[in-house]
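S.K.: Before I ask anything, let me first share the structure, which is written out below as structure tokens.
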Amino acid sequence: MENITKLKIGLLCRGINVNPHEKYFREIVPEKYAAGGKSRAGVAGSGKSFILEHGEPCNIGVLQPFLQESPYEFKIIDNKGWILKDGEKAIKATLREPQWHQTSLSNEIQLHGKDSLATALSNYCIYKKQGEGCKFCIIDVGGDVVFRDPLKIARSIETIEKNPDLRASLNIEDKYNPNLQAEELFKRKKFIEPRDININAGALKNAAEIYGTTISKIREVSKLPVFIEIGPVTKNEMETLYSAGTNALSFNMEVYDKNARLNVIPGKAKQNSPDVYLKAMRNASDLFGENQVTSWILIGLEPVEKTIEGIKRIAETGAIPLPKPFRPLYGADYERRNPPRVEDAILIYREWLDTIKEYGLNPLKAKAGCARCNACFPLRELLKYGV
């Protein structure tokens, strides 16, 4: 079964192609990235979350500069969704879009993975504004600056939770099966049951206050666990976020090596050193509890040994490191930079697995967030099948 882990790593690194002549092509491959913060920093929002045969999601790049070199393809064959590798069937897979994505609610809330409600509070970023934004990021794609209304976010979540029809979806192979009548399609509907709420934004001034206000509004209408991605904050700000109803959070270091940080994330690197991130993780682990603090670290933007060192430093604080393959995106400064080699990613994930065990961390106990979602990382696969 470790082949499933390797396959998922390959998909995360290499992305997927779809024949443009297939009738379902445009449903999978958009003409452009979603604006208004919906493409996030360029990872979760720039791909499609396929559900693989073993039941886990995989956020796969579908609109990237490097896809012509990918050996992977999605195709519906005999009314079954398949991922092919070099033309051969590799694993069954499907794609599901909830009904609310066809409504104005999608401006506030998107589905991430297979059961996470996600929103970006704003696509504004102080570092982008200063000309020192992260070079992999396209959160500001589209040009218009958006700041979302906390009350509108909360009401959208409430509406989605209370209306099963808005959470209805069809497997893509059923949707495009000409042999299925309306009655049979109705029977095959899948109803998405949200498990948590993921909140993100660009780097903002007064971020803790903005997040806290939004979370307080959400708490008035929803009991779903709330996860936030935010820059390092003070102990007092953490306590405010915790009191507002935050269950889990992530301080995304993204790059560990000092020189690479200055090149890749210049604004963040000048504002906060790795030690500042690590201190915030340690304080947050004490407050939020075991396995509720995480930190992204990107594979492919620094030497492999530095990424591994960063993973170990994160784990030492009690936080769960989340290594994610870098994804080149149209419009980013690193548009033409190559994604990481699959072999390097496998090496890093083996070290990650050893580190997680060494420090007694368990991502399966995360109440909310990226570790629980598992779409952008092969965490559940690593823990269950190894690599």
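S.K.: Given the options Ala207, Ala201, name the one that is touching a Leu at 6+ places or on another chain (Cβ under 6 Å) and under 26 Å from Gln130 (Cβ atoms). Outline the logic, then answer.
M.R.: Values: Ala207 fails: touching a Leu at 6+ places or on another chain (Cβ under 6 Å).
Going through Ala207, Ala201 in turn, the sole match is Ala201.
S.K.: Further, regarding this structure: What residue, among those in the range 165-192 that are assigned to a helix (DSSP H, G or I) and among the aliphatic types (A, V, I, L, M), is surrounded by the most Cβ atoms within 10 Å (Cβ to Cβ)? First the steps, then the outcome.
M.R.: First, pick out the residues of the range 165-192 that are assigned to a helix (DSSP H, G or I): 165-167, 172-175, 182-187.
From the residues that got through so far, the ones that are among the aliphatic types (A, V, I, L, M) too are 166, 172, 182, 185.
Details: Leu166: 19, Ile172: 22, Ala182: 7, Leu185: 13.
My answer is Ile172.
S.K.: Quick one: is Leu249 surrounded by fewer than 18 Cβ atoms within 10 Å (Cβ to Cβ) and among the aliphatic types (A, V, I, L, M)? Break it down stepwise before answering.
M.R.: On the way: surrounded by fewer than 18 Cβ atoms within 10 Å (Cβ to Cβ): no; among the aliphatic types (A, V, I, L, M): yes.
In short, no.
S.K.: Next question, about the same structure. Return the total of residues in the range 272-325 being among the polar types (S, T, N, Q) and under 14 Å from Glu254 (Cα atoms).
M.R.: Taking the range 272-325 first, the residues among the polar types (S, T, N, Q) are 272-273, 283, 285, 291-292, 294-295, 307, 317.
Now narrow it down to the ones that are under 14 Å from Glu254 (Cα atoms): 272-273, 294-295, 307.
Residues in the range 272-325 being among the polar types (S, T, N, Q) and under 14 Å from Glu254 (Cα atoms): 5 in total.
S.K.: I would also like to ask the following. Taking helices (runs of 4 or more DSSP H) that fall entirely within the range 284-387, which contain at least 2 residues that are under 23 Å from His54 (Cβ atoms) and free of Cβ contacts under 8 Å to residues at least 40 places away in the same chain?
M.R.: Details: elements: 304-316, 342-358, 370-373, 379-385.
Passing ranges, in order: 342-358.
S.K.: When you go through Leu204, Leu241 one by one, which is the residue that is outside any loop (DSSP other than H, G, I, E, B) and out of contact with any Pro (no Cβ under 7 Å at 6 or more places or on another chain)?
M.R.: On the way: Leu204 fails: outside any loop (DSSP other than H, G, I, E, B).
Answer to the selection: Leu241.
S.K.: Let me ask you something else. Does Ala260 qualify as being in a helix (DSSP H, G or I), among the hydrophobic types (A, V, I, L, M, F, W, C) and within 19 Å of Pro363 (Cα to Cα)?
M.R.: no
S.K.: Further question on the same structure: From the residues in the range 195-221 that are modelled with pLDDT of 95 or more, over 15 Å from Met238 (Cα atoms) and surrounded by fewer than 19 Cβ atoms within 10 Å (Cβ to Cβ), which one is nearest to the chain's Cα centre (by Cα)?
M.R.: Among those that are modelled with pLDDT of 95 or more, over 15 Å from Met238 (Cα atoms) and surrounded by fewer than 19 Cβ atoms within 10 Å (Cβ to Cβ), it is Arg195.
S.K.: So, one more: Restricting the range 300-319 to residues that are touching an Asp or Glu at 6+ places or on another chain (Cβ under 7 Å) and of a type in the set (A, V, I, L, M), which is surrounded by the fewest Cβ atoms within 10 Å (Cβ to Cβ)?
M.R.: Selected residue: Val304.
S.K.: Could you give every pair whose Cβ atoms fall below 7 Å, whose first residue belongs to the range 53-80 and is among the basic types (Lys, Arg), and whose second residue is part of a strand (DSSP E or B), counting only separations of at least 6 or pairs across chains?
M.R.: Lys75/Trp82; Lys75/Leu84; Lys80/Lys92
S.K.: Which numbered condition in (1) buried (at least 23 other Cβ atoms within 10 Å of the Cβ); (2) farther than 17 Å from Gly61 by Cα is the only one that Pro325 fails?
M.R.: (2)
S.K.: Moving on to the next point. Gly360 versus (1) over 18 Å from Thr307 (Cα atoms); (2) within 15 Å of the chain's Cα centre (by Cα): which is the lone unmet condition?
M.R.: Just one mismatch for Gly360, condition (2).
S.K.: Would you be able to tell me the number of residues in the range 312-365 that are touching a Leu at 6+ places or on another chain (Cβ under 9 Å) and over 30 Å from Lys32 (Cβ atoms)?
M.R.: Final tally of qualifying residues: 18.
S.K.: Which one is nearest to the chain's Cα centre (by Cα), of the residues in the range 179-194 that are touching a residue at least 60 places away in the same chain (Cβ under 8 Å) and under 20 Å from Asn163 (Cβ atoms)?
M.R.: The initial filter retains those residues of the range 179-194 that are touching a residue at least 60 places away in the same chain (Cβ under 8 Å), namely 179, 190, 192-194.
Now drop any that are not under 20 Å from Asn163 (Cβ atoms), which leaves 190, 192-194.
Working: Lys190: 22, Ile192: 18, Glu193: 18, Pro194: 15 Å.
Of everything passing the filter in the range 179-194, Pro194 is nearest to the chain's Cα centre (by Cα).
S.K.: Is there a residue in the range 154-161 that is surrounded by fewer than 18 Cβ atoms within 10 Å (Cβ to Cβ), β-branched (Val, Ile, Thr) and out of contact with any Cys (no Cβ under 7 Å at 6 or more places or on another chain)?
M.R.: Yes, the conditions are met somewhere in the range 154-161.
The values are calculated or read from the model by the stated rules, or taken from the named source; none is laboratory data. Just so we're clear, the structure is a prediction, and the values are computed from it rather than from any experiment. As a convention, Cβ positions derive from the backbone with ideal geometry for all residues, glycine included, and neighbour counts pool all protein chains shown.
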